[in-house]
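Below: one structure, written as structure tokens.
The values are calculated or read from the model by the stated rules, or taken from the named source; none is laboratory data. The structure displayed is predicted, hence computed values, not measured ones. FYI the Cβ positions are ideal-geometry reconstructions off the backbone, even for glycines, and counts take in every protein chain you see. Calculation scope for accessible area: heavy atoms of the full protein, side chains included, ligands and nucleic acids excluded. Shrake-Rupley method; radii C 1.70, N 1.55, O 1.52, S 1.80 Å.
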Amino acid sequence: YLKDVKKETITKVELQLIIDVVNAVEQVKNNPTDDNIQRLNDLLAGLDPNAQIVKDTKQQVNGSILDTINGDFTNVTEKQLENIGINDLITSRLPQYQDALEEYAKEHDPKDLTVDDIQKVIDAINGVQDAKDNPTADTIRNAHDAVNNLDDGALKDKLLQELEDITIEYIVNNPGAITEELFDFANLDTDSSRMDSYIEYLNDVLPGMPK
């Protein structure tokens, strides 16, 4: 570290910090709990972030955390996901993330998921839940884009089925917002040349139908 930052002198406090970082790294490798991860991050914050050894240490630790995540998706924590660089995490959805990651890994080859794989699963779960909580043409479209980034398999099929149900309910409740794209998302068998007729008829009939 001293060579890396071209520092010729060091205080006792700085020396102790480096020792504490080394100890914390080993703790995270052996037991990457949220507390151990946070302690290491706090210690690393006291070192020069541009030092190559600090960057290498973070990469090494994240590799250990990723191995732990792949070892048991059911116990993955938000802190672990954050530390390996996963974005857009929503705390209340952690159980959904855990279940989806476990299901995705079962059919994934190789079994171990990369950071990119995990981010795709998080994005897909967020997209579908956003569409469910606030169904609009935009949220449904965004969810489809996210889910279609997943590899083919059971998780993708399940999420697409959820989106189909969400889309159909949205069409029924919002006939004025019907588009050809929404028909496609709902997997309805249509003739594009008759789209205007479908929309006109549904706009006339749906508002009077019991929900």
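I'd like the residue in the stretch 70-119 that is among the aliphatic types (A, V, I, L, M) and not in a helix (DSSP H, G or I) and, out of all such residues, is most open to solvent (accessible area, probe 1.4 Å). Only one residue tops the list, namely Ile90.
Inside the stretch 181-206, residues that are open to solvent by less than 80 Å² (accessible area, probe 1.4 Å) and part of a helix (DSSP H, G or I) make up a count of 13.
So that you can scan it fast, the table gives a plain yes or no per residue for (1) of a type in the set (Asp, Glu); (2) at positive phi; (3) part of a helix (DSSP H, G or I):
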{"residue": "Val22", "(1), (2), (3)": "no, no, yes"}
{"residue": "Glu26", "(1), (2), (3)": "yes, no, yes"}
{"residue": "Lys29", "(1), (2), (3)": "no, no, yes"}
{"residue": "Asn36", "(1), (2), (3)": "no, no, yes"}
{"residue": "Asp42", "(1), (2), (3)": "yes, no, yes"}
{"residue": "Pro49", "(1), (2), (3)": "no, no, no"}
{"residue": "Val54", "(1), (2), (3)": "no, no, yes"}
{"residue": "Lys58", "(1), (2), (3)": "no, no, yes"}
{"residue": "Leu66", "(1), (2), (3)": "no, no, yes"}
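Restricting attention to the stretch 46-63, the residues being buried (at least 16 other Cβ atoms within 10 Å of the Cβ) and touching a helix residue (DSSP H, G or I) at 6+ places or on another chain (Cβ under 8 Å) number 6.
Answer yes or no as to whether Gln129 is among the polar types (S, T, N, Q), in contact (Cβ under 8 Å) with a residue 12 or more places away in the chain and within 23 Å of Phe185 (Cβ to Cβ). The answer is yes for Gln129.
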